[in-house]
Amino acid sequence: MTLKQEDRNALVSVRLQRAKETMAEVHGVIQFGYWRNAANRLYYACYYAACALLIKNSITAHTHAGVLNQFGLHFVAKEIISMEQGKLLKQLYNLRQTGDYDDWILIKKEDVMPLLKPAQQFITAIENLINENI
């Protein structure tokens, strides 16, 4: 499905807003020590931002793996996004997968807290690229 530019811009705004709201959720669940949920929300905050950038550039992906692949191909490989930020998105994806589907592994504070600042920087970097029409 091809979106009109007006609809694409609206969807990009919605996804960026969702990224910011989801990042705010992270801080809420951290207060209660829900580390698995915090890992989940961190990933989704960055995922929504990555989706916004893909949408802005008319790049489609229908799965989480597709988003990671297209994001890496179009933005990390071309050095528009740093390699570290590309790795962060994959790291958050893997942590979320572990927390959501592996009953025998616990997500702990030490797993989540070091990722807070990089995740916020990731969202800010994406928003800056979108505002610069990249």
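The values are calculated or read from the model by the stated rules, or taken from the named source; none is laboratory data. What you see is a predicted model; the values in this text were computed from it and never measured. Glycine gets a Cβ as well: all are built from the backbone with ideal geometry, and neighbour counts include every protein chain shown.
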Cβ-Cβ under 8 Å, sequence separation 6+ or interchain: first residue in segment 49-69 and under 20 Å from N94 (Cα atoms) and assigned to a helix (DSSP H, G or I), partner β-branched (V, I, T) and modelled with pLDDT of 95 or more. Which pairs?
A49/I123; A49/I126; A50/V67; A50/I126; C51/V67
If you take the residues of segment 87-134 that are farther than 18 Å from K56 by Cα and assigned to a loop (DSSP other than H, G, I, E, B), which of them is nearest to the chain's Cα centre (by Cα)?
I107
Of the numbered conditions (1) assigned to a helix (DSSP H, G or I); (2) buried (at least 19 other Cβ atoms within 10 Å of the Cβ), G72 fails exactly one; give the number of that condition.
(2)
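Among the residues of segment 95-122, which ones are among the polar types (S, T, N, Q) and either surrounded by 19 or more Cβ atoms within 10 Å (Cβ to Cβ) or within 20 Å of G33 (Cα to Cα) (or both)? Steps first, please.
Residues of segment 95-122 that are among the polar types (S, T, N, Q), as a first pass: 97-98, 120-121.
The answer is Q97, T98, Q120.
Would you mention how many residues in segment 76-86 are assigned to a helix (DSSP H, G or I) and more than 21 Å from H27 (Cβ to Cβ)? Let's see the steps before the verdict.
Within segment 76-86, the first condition is being assigned to a helix (DSSP H, G or I), and the residues that meet it are 76, 83-86.
Okay, now just the ones that are also more than 21 Å from H27 (Cβ to Cβ), so 76, 83-84, 86.
Residues meeting the conditions: 4.
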Residue check for A125: in contact (Cβ under 8 Å) with a residue 12 or more places away in the chain, aliphatic (A, V, I, L, M) and surrounded by fewer than 19 Cβ atoms within 10 Å (Cβ to Cβ):
yes
Selection from segment 62-74 of residues at pLDDT 95 or above and closer than 18 Å to Y43 by Cα yields T63, H64, A65, G66, V67, L68, N69, Q70, F71, G72
Candidates R15, R8, filtered to the one that is closer than 18 Å to Q121 by Cα and charged (D, E, K, R)
R15
